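K.L.:
Pasting a structure here, questions to come.
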Amino acid sequence: QVQLVESGGGLVQTGGSRRLSCAASGGAFSSYAVGWFRQAPGKEREFVAATTYSGSSTYYADSVKGRFTISKDNGKNTVYLQMNSLKPEDTAVYYCAADDRPSVGLPREPLEYDYWGQGTQVTVSS
């Protein structure tokens, strides 16, 4: 069984930075796509960023492009989301997800992902 565990959330001021981590275990991740999503109260789950586990392809939502960076450390089976220039509208529960059979293009919809973490809360205040 694949397990994903997010960490690194917390309270940060507007304009600040935060790095989220997603530790993965239980799978052969070399061919996976890994993504970050977020969900605020009363809103649908929203795509944030995605990357191939073994490659360098990345894709970002327009709302975070230029501010967020997705990366990974394959030796630690960990994917990161570096968040800079945070805004109050970034406040949400952030989830990492894995797709074990990605297409050529990176998946950007929640239903395309097979495994999910429990989420970590990020609150941006001003």
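K.L.:
In debye to the nearest 20, how big a dipole does the chain give about its Cα centre with +1 on each Lys and Arg Cβ and -1 on each Asp and Glu Cβ?
P.N.:
Here the size comes out at about 360 debye.
K.L.:
Report, by chain and number, residues whose modeled amide H sits under 5 Å from the one on residue 114, excluding near sequence neighbours (fewer than 5 apart, same chain).
P.N.:
Amide H neighbours of residue 114: 98, 99, 100.
K.L.:
I need the phi-derived Karplus couplings for the stretch 110-121: 6.51 cos²θ - 1.76 cosθ + 1.60, θ = phi - 60°, integer Hz, Gly and Pro marked x.
P.N.:
3J(HN,Hα) across the stretch 110-121, in whole Hz: x, 5, 7, 9, 9, 10, 9, x, 7, x, 9, 7.
K.L.:
Taking 7 Å along the Cα-to-C-beta vector as the label spot, tell me the residue 7-residue 57 distance in nanometres, rounded to one decimal.
P.N.:
3.0 nm
K.L.:
Using a 10 angstrom cutoff on alpha carbons, build the Gaussian network for the chain and name the most mobile of 106, 11, 81.
P.N.:
11
K.L.:
Within the set of other residues whose C-beta is less than 15 Å from the C-beta of residue 112, count the net charge using Lys and Arg as +1 and Asp and Glu as -1.
P.N.:
Values: positive: 45, 101, 108; negative: 44, 46, 99, 100, 109, 114.
Here the count lands on -3.
K.L.:
Quick one: among 49, 33, 23, which has the greatest mean-square fluctuation in a GNM of the chain with alpha-carbon springs under 10 angstrom?
P.N.:
23
K.L.:
Under the rule of at least 5 residues apart or a separate chain, name every residue whose amide H is placed under 5 Å from the amide H of residue 91.
P.N.:
For residue 91, whose amide H was placed from the backbone, the distant partners under 5 Å are 124.
No lab work stands behind these numbers, since they all come straight from the coordinates. For clarity, every value in this text was computed on a predicted model and none was experimentally measured. Reconstructed Cβ throughout: ideal geometry from the backbone, glycine too, with neighbour counts over all protein chains shown.
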